[in-house]
Amino acid sequence: MALIELSSITKTYHIGEMDVDVLKGVDLSVEAGELLAIMGESGGGKSTLMNIIGFLDSPSGGAYKFDGEDVDHLDDNDLARIRNQKIGFIFQQFNLLPRLTALENVSLPLVYRGVPSHQREKLAEQMLKRVGMGDRMTHHPPELSGGQQQRVAIARALSGSPSLILADEPTGALDSQVSQEIMDIFLDLNREKKITTVMVTHDPKVGRQCRRTVRMADGCLVEV
Ligand SMILES: Nc1ncnc2c1ncn2[C@@H]1O[C@H](COP(=O)(O)OP(=O)(O)O)[C@@H](O)[C@H]1O
Ligand SMILES: [Mg+2]
C-alpha cells in the first residue's frame, strides 16, 4: 500500500477577481521507504503540493489518501495529530526559533506529543548527535552556520520518529559542499531508518541522488 496516494489533485488560488490554477490534476503515488525528488520551475506549485501532502493546506479538488486513510474525511484534530506524529518538515530557511538553543528547538515538538520533560531532553540530545551537532547543543541558531542550522532542523523533524519527511528545498540556501553534507544525512536516514522522503530541489546534483524524480510542469507531475 502506498503511503501517499494523490489522484487528480487541483488547487486554485483566488486573488481578488482572479482565479489562479496552480495544480491542475496531480497524480502521485509514493510507497513507504521511497526517496523522491520533485523538481520544476519556480512558481510551478511545488511548495503548494508539499503543503497539501503535509496537511498544511487542503486541495481544491481530487482525492488524497495518506497511509490508507482518506484525508478528506479527517477533521482538524485528526490532521493535527497525524501531522504531529508522522510527518517531519524541513524548509529552505530552517525556521528555527532564534531565542531557543538547538536543544530547546529540537525538544519543542515533543512537548506537543506529550513526552515527559526528562525524556524530551534525552531524545533531543540523541537526535542532535545523530546529525553531528552533539557539540553545539546549547548554541542559538544565530550562532550557527546555515548548514549547522539545517542539521538542527533535521534533528527537530526527526525527534518524533516520523514516517515521512517533507523537505522543501532543504539545500536551497547552502553552498554546494554543505548541500552535499545535508544530502548525505537524508540519504543515510532513508537507507537506515527507511524514512519515506519527499524533497523539492532545484539542484540537479541533489535530484540525481534520489532514486526517483518527478517534475512539476504546467500544474501536473510527470515522471523523469
Ligand atoms: N497562499 C497563496 N495565495 C495565493 N497564491 C499563492 C499562494 N501560495 C502560492 N501562490 C501562488 O501559487 C503559485 C505556485 O507557488 P509555489 O507553490 O510556491 O511554487 P514553487 O514552490 O514551485 O515555487 C505561484 O504563482 C504563487 O504566487
Ligand atoms: Mg517553493
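The values are calculated or read from the model by the stated rules, or taken from the named source; none is laboratory data. Source: prediction; values computed, not measured. Glycine gets a Cβ as well: all are built from the backbone with ideal geometry, and neighbour counts include every protein chain shown.
Could you tell me which numbered condition Asn84 fails, if it satisfies all but one of (1) at pLDDT below 95; (2) over 30 Å from Lys205 (Cα atoms); (3) loosely packed, with under 13 Cβ neighbours inside 10 Å?
(3)
Which of the following residues is charged (D, E, K, R), near ligand 1 (Cβ under 9 Å from one of its atoms) and assigned to a strand (DSSP E or B): Lys11, Lys65, Lys24?
Details: Lys65 fails: near ligand 1 (Cβ under 9 Å from one of its atoms); Lys24 fails: near ligand 1 (Cβ under 9 Å from one of its atoms).
Exactly one residue qualifies, and that residue is Lys11.
Given the condition touching a strand residue (DSSP E or B) at 6+ places or on another chain (Cβ under 7 Å) and away from ligand 2 (no atom under 16 Å from the Cβ), answer yes or no: does some residue in the range 171-186 qualify? Show your work before the answer.
If we filter the range 171-186 for residues that are touching a strand residue (DSSP E or B) at 6+ places or on another chain (Cβ under 7 Å), which is where we start, we get 186.
Subsequent filtering for residues that are away from ligand 2 (no atom under 16 Å from the Cβ) retains 186.
There is at least one residue in the range 171-186 that is touching a strand residue (DSSP E or B) at 6+ places or on another chain (Cβ under 7 Å) and away from ligand 2 (no atom under 16 Å from the Cβ).
Quick check on the range 193-210: of everything there that is closer than 18 Å to Val30 by Cα and assigned to a helix (DSSP H, G or I), which residue is farthest from ligand 2 (Cβ to nearest atom)?
Initially, the range 193-210 is screened for residues closer than 18 Å to Val30 by Cα, giving 193-201, 207-210.
Then keep just the ones that are assigned to a helix (DSSP H, G or I); that gives 193, 207-208.
Numbers: Lys193: 26, Gly207: 15, Arg208: 20 Å.
Per the criteria, the residue is Lys193.
Can you tell which of Arg156, Arg151, Arg136 is out of contact with any Pro (no Cβ under 8 Å at 6 or more places or on another chain) and under 27 Å from Ile53 (Cβ atoms)?
On the way: Arg156 fails: out of contact with any Pro (no Cβ under 8 Å at 6 or more places or on another chain); Arg136 fails: under 27 Å from Ile53 (Cβ atoms).
It is Arg151.
Sort through Val22, Val26, Val30 and tell me the only one that's of a type in the set (Val, Ile, Thr), touching a Cys at 6+ places or on another chain (Cβ under 9 Å) and buried (at least 17 other Cβ atoms within 10 Å of the Cβ). Please lay out each step first, then the result.
On the way: Val22 fails: touching a Cys at 6+ places or on another chain (Cβ under 9 Å); Val30 fails: touching a Cys at 6+ places or on another chain (Cβ under 9 Å).
After ruling out the rest, the residue left standing is Val26.
Among the residues of the range 41-62, is there at least one that is touching a strand residue (DSSP E or B) at 6+ places or on another chain (Cβ under 7 Å), in a strand (DSSP E or B) and within 24 Å of Asn105 (Cα to Cα)?
Of all residues in the range 41-62, those touching a strand residue (DSSP E or B) at 6+ places or on another chain (Cβ under 7 Å) come to 44-50, 52-54, 59-62.
Applying the additional criterion that residues be in a strand (DSSP E or B) yields 61-62.
From the residues that got through so far, the ones that are within 24 Å of Asn105 (Cα to Cα) too are none.
The answer is no; no qualifying residue exists.
For the range 146-178, how many residues are crowded, with 21+ Cβ neighbours inside 10 Å and in a helix (DSSP H, G or I)?
Number satisfying all stated conditions: 10.
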